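Here is the structure we will look at.
The values are calculated or read from the model by the stated rules, or taken from the named source; none is laboratory data. Computed from a predicted structure; not experimentally measured. Because the Cβ atoms are built from the backbone with ideal geometry, glycine has one as well, and the counts that use them run over all protein chains shown.
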Amino acid sequence: MSANAVEVRNVSKRFGEVHALNEVSLTIKQGDFFGLLGPNGAGKTTLMRVLCGLLAPDQGDVRILDSSLERWQIPFAVGVVPQDIALYDMLSARKNLELFGKLRGLTGKKLETRIDFVLDLIGLSDRAKSRVKGFSGGMKRRLNLGVALLAEPRVLLLDEPTVGVDPQSRASIFELLESLHGQGVTILYTTHYMEEAERLCRTIAILDHGKILGVGSLEELITMVKTPRFVRLILRSDSEKFPALAGVASKQSGLRVDYVPTSQDGLAEILTQLADFHGAQRVEVVSPNLEMLFLELTGRELRDA
Amino acid sequence: MKRVWYLARKDVAIFLTDPVAIGLAFIVPMVMILVFGFVFGGQGKDGLAELNVLAVNEDTGPGGARLVQALDGLEELKLIQRSVKENTPFDSASASALVAKGSYSAALVIPRDFSDGVADGELRAHILEDTRDPVTAGVLLGLMQKTAFETFPMLMPSAMMSGMLDSMGTVGFNSDLAKAIEKNFGVELPDSGMSFKDMVPRDMLLGDAGEASDSGSSGPNLGAVFNKVNQITRTQVVGQNVVNPAVAHTTAGTAVMFMLFGVGAIAASLLREMHTGTATRLLLMGATSGEILLSKLLYAVVLGSLQLFAMMVYGWLIFSLQIWEHLTPMLVMIVVTAVVMSSVGLIISALSRTEEQAAGFQVVIILSMSAIGGAMFPSFMLPGFIKTISKVTPVYWAMQGFNDIFWRNQSLSGILLECGICLGMAALMTTLAVMIFRRRLANELG
C-alpha cells in the first residue's frame, strides 16, 4: 500500500474562460493534516469537488487510498464535510445521522453504536432528539462534521468547516480534528484563514487562481518569505501622524505602519524610538508568516484577495 | 414610503434575475386562456360540437333509411353505422356493448317496424344511452324528433287529426273543411255540418291546450297526441346501479386534480435540497441522482395514494360513493394514478431551476391537464379535437379508470388498459426526469 492517502496529478478544470484549476498536483501522505490555503475563488472548493468525485476534471487524475477516483463514487473510507451546512432542519440530530449512516451502508447495531459515538464526539448527545432547526450555528457545524465521521473515515476532506462559527465552537471543532488526526485520520482542510492553517496543518499548500504556489510545512513555507521581521505600529486614529525614523523604510496602510529594518539588529532601535510616540494604539514585532508569503507570491494580501 | 419603494424595487430586481419565471408569469395566463378558450370556445357561438352517435337501422321498410339519411345530413350529428374493424353494420347488441363500454355515449336503434309505425302515426325508435353523458342522448332525442317530423311531415298532423276525432267521438265537420283536410292530409273524415269553431274549443284555440284538456273541455289532449306519436324509448345501458352518479366523477376528478397540486410539491422539495446542499451531501454519502429522484417519486406516490383514498372515503361518507363494492380495482387505480401523477411532479422538478419556475410550470401543466383530461369537467363536454388531445394526458386515463370502476362497474381486468397506459406514461416521464436531473446536477456542480 502506498504511503500516500491522496494523489492529485496535473488536474485542470475550466469553467468557460475561467481556469478554476490549472495543472494542480499535490500529494497528501497518510496521517497528514494537510491545509489548502487560499482566498475565496482560489479553486479550493473546485479541487475539493474533484476529490469527492462530484466533478470530473478536464485533465489529470486523482487517486485516493490507492484507488482511482470515479465520478459519483466516493470511497467508503473517505468522509466529506461540505462547506454548506447540509442537514435536514426538521429532523433531529439523531435522525439526520441515521439517514446519512444508512446511505453509507451502516445498519442495525453498528449504526446505533456509531451514532452514539459520533454524537458524543461532537458534544451533541444531550441534543440528539432535538430538531436541527433549533441548533446554533456552531452546533450545526459540528453535526455537519459528525455526519462525515459516521463511517470511520481514514481520509477526511473538510471544505471550510468553520465558516460563520463562533470562537467557542471553532475551538471545539479544532480539538475534535486534532483528536482525529491523533488517531491517524488523514485530513485535508481548506481554509482562507491563515491562522487556522498555521495552527492545525502539518503541511500547507497555497492555492491561488487555480495554481499551487507553494507546498510544505509551515516552517518550510516561512523560509520562503523574503521579508524579515519588522515592527508594526497601529495608530490610534487617522489624524495621528506617524513618526519617520531615520534610516528605516516605512509603509503606511490605513492605521497600520510597518517599519522594516535593514538588519535584524535594527528592530530594538525602532522599538526604542517608537516608545515615546503617544499616538500608538499598539506596537508589535511581526515575524514572517503565510500572509507575507501570499503577498510576496501574488502581490495581494490573503484577506483582501 | 420611500422604504416601501426601495423594498418593492428589491423584489422587482430579484424577479428580473429569473428570465424563465418572468416568461412564465406572462405565458401561464396566456396558455390557460388558450386551453380554456379551446375547451369552452365552441359554446355560445356555434352551438354544440358534433356528437358521435351509433346508428342501427333494423327497419324493413323505407322509412328508417330516410330518417338515417336525414339525420346523417345534420351538422350536429355524426352517425356511425358500421364497425370500422369488421366493416359490418352495427346491430343493437353490438351498439349496446359499445355504449356500455364507454366508446360512445348513445346509440339510436331504428326498429324493424319503424315504417309501419310512421304509417300508423307513431315514431318508433330506441335510444341506448350512457347517462353519465346526459347531453348526447338528450340532443339526439331532440334532433331525432325534429328530423322525423320534417322527414315525415304528415306524422304530427295525422296524429292530431286522429286525436281530435278520437276525442270528439261522433261530432261532424263542416263539409268544406272536411274536404280540405281530406285533400291535403289524405285522411277520410266523416261528414258533418259543424264549423271548425264548433269543433275546436275556444280556449284551446287561444293556446292553452293543457288547461282546456284538464278542465274537462271536449278538445283533443295534445299531450296525449304527442305521446301517441312519440314512441321513442330510452334505455340506460350502464350505471343503472350507481347510487349517486355525478359524485363518482366529481370525487375522482377533484381528487386527481388536487393530487397533482400535491405532487407538484416535489419540485419545491427537490429545489430546497439542491439549494441547501443536502442533495450534494446525499450524493457524497453514496446516493445517486436517480435514487434521489426516485425517492421523491416514492414519497409522492405514498402521499398521493393516501390522499386519493381519503378523498374516496370522504365521497363515500358524504355522497354514498360506492367504494367498498369496488375496493380492489379502486385501490389499484389509486396507486397507478398516484404513480403517474407523481411522475408529472418529477418532470416539473427536473425542469424547474427556481421555485418561481416550478410554480409556473405547475399551474400550466396541472390546470391544462385537468381541464382537457376530464378532471375539471367530464370529457363529453369537450370539443372533438380537445377530446383527441386529452388522450395524451395521464389525467384522461386516470379519469377513464375511475369512471370504468364506479360507473361501468368494471373489475380489475376491466381497467388493465388504463393502468397499462398510465404506468407506461409514468415510466417515460420518470426516465426523462432522471436524465434531465442527472444532467442538471452535473451542470450545477460544475
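For the reader, a short list of remarks on this structure follows.
- Test result for A:VAL118, closer than 26 Å to A:ALA197 by Cβ and either assigned to a helix (DSSP H, G or I) or of a type outside the set (A, V, I, L, M) (or both): yes
- Qualifying helices (runs of 4 or more DSSP H) (wholly inside region B:374-446; at least 3 residues being aromatic (Phe, Trp, Tyr), surrounded by 16 or more Cβ atoms within 10 Å (Cβ to Cβ) and away from chain A (no Cβ under 14 Å)): B:394-406
- Residue in region B:63-110 that is farthest from B:PRO134 (Cα to Cα), counting only those that are touching a residue at least 60 places away in the same chain (Cβ under 8 Å) and part of a loop (DSSP other than H, G, I, E, B): B:LEU74
- Test result for A:THR227, within 23 Å of A:LEU36 (Cα to Cα), of a type in the set (Val, Ile, Thr), modelled with pLDDT under 85 and part of a loop (DSSP other than H, G, I, E, B): yes
- Odd one out for A:TYR259, checked against (1) within 27 Å of A:ILE204 (Cβ to Cβ); (2) buried (at least 16 other Cβ atoms within 10 Å of the Cβ): (1)
- Of the residues screened, A:PHE100 is not one that is touching a residue at least 60 places away in the same chain (Cβ under 8 Å), within 14 Å of chain B (Cβ to nearest Cβ) and under 29 Å from B:SER295 (Cβ atoms).
- So A:ASP159, is it charged (D, E, K, R) and surrounded by 19 or more Cβ atoms within 10 Å (Cβ to Cβ): yes
- Candidate set: region A:106-124, residues that are more than 29 Å from the chain's Cα centre (by Cα) and of a type outside the set (Ser, Thr, Tyr); chosen: the one farthest from the other protein chains (Cβ to nearest Cβ): A:LYS109
- Among the residues making up region A:260-280, a single one is among the hydroxyl-bearing types (Ser, Thr, Tyr) and part of a helix (DSSP H, G or I): A:THR272.
- Filtering region B:254-262 for residues that are away from chain A (no Cβ under 14 Å) and under 17 Å from B:ALA350 (Cβ atoms) leaves a non-empty set.
- A count restricted to region A:214-240 and to residues that are under 19 Å from A:LEU200 (Cα atoms) and in contact with a helix residue (DSSP H, G or I) (Cβ under 9 Å, 6 or more places away or on another chain) stands at 6.
- Residue that is farthest from the other protein chains (Cβ to nearest Cβ), among those in region A:5-34 that are in a strand (DSSP E or B) and among the small types (Gly, Ala, Ser): A:SER25
- Extreme residue, farthest from the other protein chains (Cβ to nearest Cβ), among residues of region A:136-156 that are assigned to a loop (DSSP other than H, G, I, E, B) and surrounded by fewer than 20 Cβ atoms within 10 Å (Cβ to Cβ): A:SER136
Each row is one residue, and each column tells you yes or no for (1) closer than 21 Å to A:GLY184 by Cβ; (2) away from chain B (no Cβ under 12 Å).
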position: A:LEU36; (1), (2): yes, yes
position: A:PRO39; (1), (2): no, yes
position: A:GLY43; (1), (2): no, no
position: A:ALA56; (1), (2): no, no
position: A:SER68; (1), (2): no, yes
position: A:TYR88; (1), (2): no, no
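- Meets criteria (of a type in the set (Asp, Glu), farther than 30 Å from A:ALA86 by Cβ and touching a residue at least 12 places away in the same chain (Cβ under 8 Å)) for A:GLU240: yes
- Test: residue in region B:405-413 that is on the phi > 0 side of the Ramachandran plot and touching a residue at least 60 places away in the same chain (Cβ under 8 Å): yes
- Whichever residue in region A:76-86 is within 11 Å of chain B (Cβ to nearest Cβ) and assigned to a loop (DSSP other than H, G, I, E, B) and, among such residues, is farthest from A:ASP159 (Cα to Cα): A:PHE76
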